[in-house]
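A.B. asks: Mind having a look at this structure? Questions to follow.
Values quoted throughout were computed directly from the atomic coordinates according to the rules given, and no laboratory measurement underlies them. Because the structure is predicted, anything quoted here is derived from the model rather than measured. FYI the Cβ positions are ideal-geometry reconstructions off the backbone, even for glycines, and counts take in every protein chain you see.
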Amino acid sequence: SAVISQKPSRDICQRGTSLTIQCQVDSQVTMMFWYRQQPGQSLTLIATANQGSEATYESGFVIDKFPISRPNLTFSTLTVSNMSPEDSSIYLCSVGQAQRDTQYFGPGTRLTVL
Amino acid sequence: AQKITQTQPGMFVQEKEAVTLDCTYDTSDPSYGLFWYKQPSSGEMIFLIYQGSYDQQNATEGRYSLNFQKARKSANLVISASQLGDSAMYFCAMRPNFGNEKLTFGTGTRLTIIP
């Protein structure tokens, strides 16, 4: 199984600032995803991080607010820009495997915006 | 479009008893996969079990089993001999087997094991 790490594990940020979250995988993976989990809610997909091209965003999420990079097959970053308290959430990256019977998540980044 | 429904927002179960967490789904995809995840208070998402839509047998992983009834579009998680460490949120999710591998999640069930 893929081992996924995320940095930072948690952060407290001020309104109007930006935070970049890193996701590192110990093996090459085809697909990487970024999810958001607002307090007390389920997970919602933000975007699919595509290697070598622009990310594919889900309805309600835009590149200006959540820019994503994927420079290679093991690494991706998600930036939460111009943060507001409504951005307080757990942000999780997830990877797709060659075998389709598993899909793993990173440990998550718990973000609090004051 | 895919939809996952979990109708039990919370459950309380006595330690060592078996528990069934309900999950129903709706999809137009001919081939798909169903997943269950456990989320403890730490926030991490722990993969528990997978069921493919064309698998002939119900999936099992240790104390976890998946009661898959395709005609009813249900994929209930059964935890045998529950333990205090099973207390957590549990999410059912599905994904089409072709194309994008993104998961669609249900709203979750908070399971509390009572000693």
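A.B. asks: Given B:K38/B:K70; A:K65/B:K70; A:K7/B:K16; A:K7/B:K73; B:K70/B:K102, which pairs have Cα atoms separated by over 28 Å?
C.D. replies: Beyond 28 Å: A:K65/B:K70; A:K7/B:K16; A:K7/B:K73.
A.B. asks: Then there is this: Could you give the Stokes-Einstein D for chain B in µm² per second, using the C-alpha Kirkwood radius, 37 °C, 0.692 mPa s? Don't jump to the answer; show the numbers that get you there.
C.D. replies: Details: Rh = 14.2 Å.
Rounded, D is 230 µm²/s.
A.B. asks: Rg and Dmax of the range A:27-89 over Cα atoms: what are they, in angstrom?
C.D. replies: So, for the range A:27-89, Rg and Dmax equal 12.1, 35 Å respectively.
A.B. asks: Normalized C-alpha radius of gyration of chain A, against 2.2 N^0.38 Å?
C.D. replies: For chain A, the normalised Cα radius of gyration is 1.00.
A.B. asks: Quick one: Cα centre-to-centre distance for the range B:34-109 and the range A:1-73, in angstrom?
C.D. replies: That distance is 23 Å.
A.B. asks: Quick check on the protein assembly as shown: of the DSSP beta bridges with both residues there, what percent are antiparallel, nearest 5%?
C.D. replies: Just about 90 percent of them are antiparallel.
A.B. asks: By how many nm would the segment from A:S69 to A:K7 grow when fully extended, if each residue of separation counts as 0.36 nm and the alpha-carbon distance is taken off?
C.D. replies: 20.9 nm
A.B. asks: If you don't mind, there's one more thing I want to ask. Highest first, please rank the peptides A:88-95, B:65-72, A:56-63 by the mean number of other Cβ atoms sitting within 10 Å of their residues.
C.D. replies: Highest mean packing first, the order is A:88-95, B:65-72, A:56-63.
A.B. asks: Something else about it: Over the whole of B:31-44, what's the average partner chain Cβ count within 10 Å per residue? Rounded to a whole number, please.
C.D. replies: Working: counts 1, 0, 4, 0, 3, 0, 4, 0, 7, 0, 0, 5, 10, 7.
Per residue, the average neighbour count from other chains is 3.
A.B. asks: Classify the range A:56-114 from the C-alpha gyration tensor, please: rounded if a/c falls under 1.5, else prolate or oblate depending on whether a/b exceeds b/c.
C.D. replies: In terms of gyration-tensor shape, prolate.
A.B. asks: Whole-Hz ³J(HN,Hα) for each residue in the range A:40-53, computed from phi via Karplus 6.51 cos²θ - 1.76 cosθ + 1.60 with θ = phi - 60°, x for glycine and proline: what do you get?
C.D. replies: Values per residue, Gly and Pro as x: x, 10, 8, 8, 10, 6, 7, 6, 9, 8, 9, 6, x, 8 Hz.
A.B. asks: Just the isolated ones, please: cysteines in chain A lacking another cysteine beta carbon under 4.7 angstrom.
C.D. replies: By the Cβ distance rule, which asks for a partner under 4.7 Å, the isolated cysteines are A:C13.
A.B. asks: Given Cα positions, please report Rg to Rh for the protein assembly as shown, the hydrodynamic radius being the Kirkwood one.
C.D. replies: Working: Rg = 17.7 Å, Rh = 18.2 Å.
Rounded to two decimals, Rg/Rh equals 0.97.
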